[in-house]
Amino acid sequence: MNSAQRRQEFLLTLKDQLRSLEDPDAIMEATAKSLGRFLKVDCAGYGEVDEERGIILVEREWSNGAIGNEGRAYRLYDFLPTMMAELKQGRPIFVEDIRTDPRANNPDVQTAYSTINARAALAVPLLKNQALTAVLYMHTSQPRAWFGDELSLVEDVAERTWTAVEKARAERDLRETDARFRLIAESLPALVWILNPKTELLYTNERWVTYSGLPREEALGHSWTRAIHPDDMARMSEELVPVVTLHTPYTTEARYRSHEGHYRWHLIQGAPIHFENGEFKRWVGTSVDIHDLKVTEEALKKSEEQLRIALQAARVGDWSWDMATDVFTLSDRAAEIFGLPRGSTTKEELARQIHPSDLPRMIESKMSAFQNKAQFSTELRVRRLNDNVQVWVAAQGQVMYDQDGTPSGMTGVVQDITDRKQAEERQELLIRELHHRVKNTLATVQAIVGSTARTASSIDEFYQGFVGRIVSLARTHNLLTEDLWQKAALEDLIQTELGPYEDEARNRIIVEGPHVELPSEAAVPIGMAIHELTTNAAKHGALSTFGGQVEVRWHVEPGAERPILHFAWTEHGGPRVSTPTRQGFGSRLLQRVLATQLQAEVQMAFPEDGLHFTMTMVIPGEPPIFNPDRAEN
């Protein structure tokens, strides 16, 4: 048999040996022993490199027919100063006779080889991801030449050894992980399960078998779906569609039927597991029994509801006044309302907290109760002592009498009615504001009716003009009432009117300017003015013909007290324009109403290519109108 055949036979035998081994150390041992005997060397070993420390760690080493299993560490620099650098570059190290090797003229190197009884040595590096990972080495006590086919063999064996060791370690880690998982799964107070991509149970701990009462062989597959309450399963079937499709985590609560036929709530949590390449593998999850917690939670909800009602009632505090000692005794809630420490206080201290305007009325009501043997009832403002906040308080009381009929004091209740008072104030403010708005709106409508009637030549023309202006007024009010502050954006007013006339190319209407908010007193006339300009453009101007264009631009400049708005409306591409012979409602609105109500400077020009309208005005400030947020604060 020639040398090539012998090497091939050796590799096949080694492959069979390694395939049957599961322990990484046993694989290293088999490699060192087989290779050492085949190459007839004194020592062979497979070690893993720690580059940072510059050492090779050997768990198993075959030496002179025996296996050393105590584990060794060799400093690579001791055997050749350049050994680590050459191995890291993937170059094997040959030493045929260390005593004559020019690289070993250092006495320390000679000592290192003498210590291990070596004169010839071979070290083959194994690089993974460009890092020195392991070394397969051997040496003899006599000088020896190393041939190319031997080097090829050792390199092949080194690669096979690394692959087998890493595979064995991965399988060992997997077995250990699986054992730990099962140990944890069986010890957890929960149902632990694994589902495949078809949502079939591949694994479940013993707790599920016990809970469901199913034989172990029937406890897998889709047994879990038959145990879940039908109502919950119907919901989960919909929820699981995207989960199964996208392989996402899933959390829900559902009721499982026990072997006794009882349903118990469980918290179900599943997490997707993927292979290293990203391919979906399975779901792993738990179902924790939360039934007792749910029952407690439901009872707690009822208790909280009762507590909420009680807390609402607890806004009522009780108090008593002893005429003999002139001491007021307050309950915790009563003390909280007045901002006082718990316990007792004096009449004088309480009187100092009452609003001066309300104090005489309170005293009068109290005296009336004593004189008429009637109930004491009053509402007053109190400044709390602890935070100096003013609150509204309703106090009711009843005079107490001694056995001889002499008044001895008074007892009663006190309640914080600040919210109610604020609501009443807001309602009153809203009614006043509504009255003001209705009057203004009716005045505007009256003006529209009169002016439209004066300029209309027929009933139909009056109707069309009147309806259009009323609709425009309504749209402006819609924009105003969308904001509790009763303001409207100038751009919204423009887009509301011009929006329907924009074409698909979006170049017929040009609107350009900064965000400007107009209070109602300005928004209504400006909105109607924009309506008149739009109506005129649609009937007679740029919007009445194809290719016509309307440009609306504005900018704001700082003024002495308020910002100044510069507004321009320019038409192009419409019919030829000439100065009108009579002034209609639109012209009067643009020139008179804007100037009268807003003190605006209005100019209208009629060049042939289209109408040019400009307006310059001071933007009014915000009027003192209804604002719920401000009222509450």
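The values are calculated or read from the model by the stated rules, or taken from the named source; none is laboratory data. Since the structure is predicted, the reported quantities are computational estimates derived from the model, not experimental observations. Positions of Cβ are backbone-derived with ideal geometry, glycine not excepted, and every protein chain shown enters the neighbour counts. Note: accessible area is taken over every heavy atom of the protein model, side chains too, but ligands, DNA and RNA are not part of it. Shrake-Rupley method; radii C 1.70, N 1.55, O 1.52, S 1.80 Å.
Could you name the lysines whose alpha carbon sits less than 17 Å from that of LYS40, not counting residues in the same chain fewer than 8 places away?
Those lysines meeting the cut-off do not exist here.
May I ask you to list the lysines whose Cα is less than 26 Å away from that of LYS487, ignoring any residue fewer than eight positions away on the same chain?
LYS439
For LYS294, go through the lysines and keep the ones whose alpha-carbon is under 28 Å away, minus same-chain ones fewer than eight residues off.
By straight Cα distance, LYS294 reaches LYS302.
Using amide H atoms built in the peptide plane, which far-off residues or other-chain residues are under 5 Å from GLU253 H to H?
Placed amide hydrogens put ILE268 under 5 Å from GLU253.
For segment 508-566 and segment 10-63, compute the distance between their C-alpha centroids and round to whole Å.
90 Å
Tally up the carbon and sulfur contribution to the accessible surface of segment 48-124 as a whole percent, 1.4 Å probe, everything protein left in place.
Numbers: 1890 of 4190 Å².
Ligands and nucleic acids excluded, carbon and sulfur give 45 percent.
Quick one: P(r) of segment 270-415 from all Cα-Cα pairs, 10 Å bins, percents rounded to integers, in order of increasing distance.
Pair shares across the bins are 10, 29, 20, 11, 8, 7, 7, 5, 3, 0.
Across all directions of projection, what mean area in square nanometres is found for the Cα convex hull of segment 515-612? Could the numbers behind the result be given before it?
Working: hull surface 26.8 nm².
Projected over every direction and averaged, the Cα hull of segment 515-612 covers 6.7 nm².
Full-extension gain between ASP178 and HIS572, please, as 0.36 nm times their residue separation minus the C-alpha to C-alpha distance.
Numbers: separation 394, 0.36 × 394 = 141.84 nm, distance 8.06 nm.
Stretched out fully, the ASP178 to HIS572 stretch lengthens by 133.8 nm.
Trypsin sites (Lys or Arg not before Pro) within segment 78-130: which are DSSP loop residues with at most 14 other Cβ atoms inside 10 Å? Before the final figure, lay out the partial values.
On the way: sites: LYS88, ARG99, ARG103, ARG119, LYS128; in loops: ARG99, ARG119.
The qualifying sites are ARG99.
Considering the Cα positions of segment 147-303, please state its Rg to one decimal place and its Dmax as a whole number of Å.
22.0, 89
Can you give me the distance in nm between label points at ALA4 and GLU155, each placed 7 Å from the Cα along the Cα-to-Cβ direction?
With each label point 7 Å from Cα toward Cβ, the separation is 1.7 nm.
Report D for segment 42-120 in µm² per second (integer): Stokes-Einstein, Kirkwood Rh on Cα pairs, 37 °C, 0.692 mPa s. Walk me through the numbers on the way to the answer.
Details: Rh = 13.3 Å.
Translational diffusion coefficient: 246 µm²/s.
How many nm is it between the label spots at LYS15 and LYS373, if each spot is 7 Å from the Cα in line with the beta carbon?
11.9 nm
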